[in-house]
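One structure is given here, and the rest of the page talks about it.
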Amino acid sequence: MSTRRIFAQPARYAAIAPYLWMVLFFLVPFGFVVKISLSQTAIAQPPYVPVFDFSEGWAAISAAFAQLSFDSFRLLISDSLYISSYLRSVVVAVTSTLILLLIGYPIAYGMARLPQRWQPIAMMLVIVPFWTSFLIRIYAWINILQHDGLLNKILLALHLVSSPVVWLSTDTAMYLGIVYSYLPFMILPLYATLSKMDPSLLEAASDLGSSPLQAFWLVTFPLSLPGVGAGALLCFIPIIGEFVIPDLLAGSGSMMIGQTLWLEFFTNKDWPVAAAAAVALLVLLVPPLLLYDRLQRRTLEGDR
Amino acid sequence: MMAQRIGRISPFNITALALGMAFLYLPIVILVIYSFNASRLVTVWGGWSLRWYHEFFNDRAMLDAAWMSLRVAAVSATIATLLGTLAAVGLVRGERFRGRTLFSGMLYAPLVMPEVISGLSLLLLFVALNAERGFWTVTIAHTTLTMCFVTVVVQSRLASLDRSLEEAAMDLGCDPVQAFIRVTLPLIVPAIAAGWMLAFTLSLDDVVIASFTTGPGSATLPIRIYSEVRLGVKPEINAICTMVIALIAVLIVLASLAAKLSSSEAKSAAPL
């Protein structure tokens, strides 16, 4: 026992360097976002009015507090552009998550039913695309979906359509890209719960007279709900802030909040509003994150 | 037993699996095949050729971007692995210290935070510090993101290690640092290696954070690909993408070898 206490000392020192790094490059920058979201827009370099000036001591800081501006946030809730991109983010994330569940569940189920020695191979096959650059995977779809791309060629050859269909720059293409990119995030947690399930439960269900479909619906599915929740949140949370996929595949119509932030920052150069959009995006993410945290904790406790 | 299990795979399961795998892999396979297309038109097959690979190796701007990306990935992955391993050691072995919750929260947050926010906040910091944006700002940004992933990988390996091994080493006269370096470190090296490779590929992949934190004239490869792709499909991009895929494939093979080594070594050294 005493060895353990001695050991704790140097291990604690190990955390110093990463701790300082995260404070400097994560916490402090995040403070800057909040700070700038509360300052006035200015046509200058940098394009915002500084809020705090620490060099002038407390008097300056308290004076600055009096000048805090909520203009950016007011703009966010009054301009329909922001409200609609907020809404669109939620709609896209919910829809994609549902599609992912519908596609991912049968795949995860099939994996869990494979013979034991094939399961690690199947899992590897699901993980590999996750390691492959997502930009390249989106680009691969652009190849297929473009006007004279493979998909249109096949459809034309099969006489399913008479002229090339416009796929690129549509919501269909965007959903396809999102579903394709996030499928591993959905499959892996589902597979994790499904493969842990005791097959004798299904045998018991069929002994008691239920059909395979009934057994699935009454036994397997309810037991897999923690996996469903984890997979859904694991997809929903990052999709909300998605920027690259909608930018490359969706049309130029309505934007997601990540795109709005980008546009505000790089094109309009309105940093306070971009920072306010970032804060708003984070606020949007708090409920699903808390839910995910609770779910994880319950699963871990359930394992013990 | 085996027969019974195989008997349980229904045609439905097989179809779902086959379609799922086809969906995951076909686009990539098509991309790789078309990178060897001789034709200028991306969609017309003109026979096999290495033309677009030649084109890439004569494209100064793309080569510079690729070199920049590789340097950023190597440096940031190395720093991230060092810091991430230290963080994991601190979290698993340090037990209580002041601000531990804040620390683990800070390491957890970047895993889930949208990249646009991480990118924006780091840019605001660099602007406030008046730092010139380029190689080092991107490297710092990537280090911050990827060290969190390294921490997760090393942490889970470290947590599953039997601590009595270290205690035995200390009973035999090692001090805690020696015990860690001689006993624990060799056991977690595969996890550290896997963490490095994960950090490397994540850095090589990133567009969003790099766009915020890089300066003019120091674009990374994904940024260049991204801006090319927005203008339309070019066969040269197919070739570049195929080379990136090949590089990552090699890394995955190395990582899985490391993992295999790790599990077999762990089995002989200590119960998992």
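Odds and ends about this structure:
- In chain A, the DSSP-assigned H stretches of four residues or longer account for a calculated mean residue ellipticity at 222 nm of -22500 deg cm²/dmol, using -39500 (n - 2.57) per stretch and the full residue count as denominator.
- Estimated dipole of chain A in Debye, rounded to 20 [Cβ of Lys and Arg +1, of Asp and Glu -1, Cα centre]: 820
- Extension reserve of the B:Ser10-B:Leu185 stretch, reckoned as 0.36 nm per residue once the Cα distance is removed: 58.4 nm
- HN-Hα J in Hz across region B:239-255 - Karplus 6.51, -1.76, 1.60, θ = phi - 60°, x for Gly and Pro: 5, 4, 4, 4, 5, 4, 4, 4, 4, 5, 4, 4, 4, 5, 4, 4, 5
- Legend: Rg and Dmax of region B:13-89, from Cα coordinates, 19.6, 55 Å.
- The calculated Kirkwood hydrodynamic radius for region B:72-182 is 15.8 Å, given to one decimal from all distinct C-alpha pairs.
- Proximity of backbone amide H atoms, modeled 1.01 Å from N, is registered between B:Asn37 and B:Ser49 at under 5 Å, excluding neighbours fewer than 5 places apart on the same chain.
- Between A:Thr95 and A:Ser206, the FRET efficiency estimated from the beta carbon spacing at R0 = 45 angstrom works out to 0.80.
- For a straight C-alpha distance cut-off of 17 angstrom, the lysines reachable from A:Lys269 (same-chain residues fewer than eight places away being disregarded) are A:Lys35.
- Per DSSP, loop chymotrypsin sites (Phe, Trp or Tyr not before Pro) in region B:45-122 with at most 15 further Cβ within 10 Å: B:Trp45
- Mean separation of Cα contacts under 8 Å (6+ apart) over length of region B:10-51, as relative contact order %: 25
- Once the Cβ-Cβ distance of A:Phe266 and A:Phe216 is raised to the sixth power relative to R0 = 51 Å, the FRET efficiency obtained is 0.55.
- Cα gyration tensor category, rounded, prolate or oblate, for region A:211-273 with a/c compared to 1.5: prolate
- The alpha carbon centroids of region A:185-236 and region A:92-122 are separated by 11 Å.
- Rel. contact order, % - alpha carbon contacts under 8 angstrom, at least six apart, chain B: 29
- Annotation: for a label point projected 7 angstrom from Cα along Cα→Cβ of B:Ala74, residues of region B:120-150 with backbone N closer than 17 Å are B:135-136, B:139-140, B:143.
- Between 0 and 90°, nearest 10: helix B:100-112 axis offset from chain B longest Cα axis: 20
- Against chain B, whose longest principal axis is taken from its Cα atoms, helix B:135-160 shows a tilt of about 50°.
- Considering every alpha-carbon pair of region A:69-218, the percent of pairs per 10 Å bin, from zero through the bin containing the longest distance, is 9, 24, 26, 23, 14, 4, 0.
- Residues A:Thr170 and A:Arg117, FRET efficiency given R0 of 56 Å [Cβ-Cβ distance, rounded to 0.05]: 0.85
- When you work out D = kT/(6 pi eta Rh) for chain A at 20 °C and 1.002 mPa s, using the Kirkwood radius from C-alpha pairs as Rh and the Stokes-Einstein form, the result is 92 µm²/s.
- Radius of gyration, Dmax [region B:127-204; alpha carbons; angstrom]: 17.2, 53
- Chain lengthening between B:Ile33 and B:Asp59 when straightened (0.36 nm per residue, less Cα-Cα): 7.2 nm
- Think of it as helices only: each DSSP H run of n ≥ 4 in chain B is worth -39500 (n - 2.57), and spread over all residues that comes to -25500 deg cm²/dmol at 222 nm.
- Rounded if a/c under 1.5, otherwise prolate or oblate - the protein assembly as shown, Cα gyration tensor axes: rounded
- Gyration tensor verdict on chain B (Cα atoms; rounded if a/c is under 1.5, prolate if a/b is larger than b/c, oblate otherwise): oblate
- For the protein assembly as shown, size of Cβ-based charge dipole, Lys and Arg +1, Asp and Glu -1, in debye: 880
- Separation of region B:185-249 and region B:126-162, taken as the distance between their Cα centroids, equals 15 angstrom.
- With only Cα atoms counted, region B:2-140 has Rg and Dmax values of 23.9, 68 Å.
- Annotation for region B:68-94 versus region B:20-42: alpha-carbon center distance of 34 Å.
- In chain B, a dipole from Cβ-located charges (positive for Lys and Arg, negative for Asp and Glu) runs towards its positive end, and of B:Val244, B:Val150, B:Met68 it is B:Val244 whose Cα lies farthest in that direction.
- Backbone amide hydrogens, once placed in the peptide plane, bring B:Asp59 within less than 5 Å of nothing, excluding anything fewer than 5 places away on its chain.
- Lysines with Cα under 25 Å of A:Lys196, excluding same-chain neighbours fewer than 8 positions away: B:Lys260, B:Lys267
Since every read-out is calculated from the coordinates, none of them should be taken as a lab result. This one's a predicted model, so the numbers in the text were calculated from it and none came from an experiment. Positions of Cβ are backbone-derived with ideal geometry, glycine not excepted, and every protein chain shown enters the neighbour counts.
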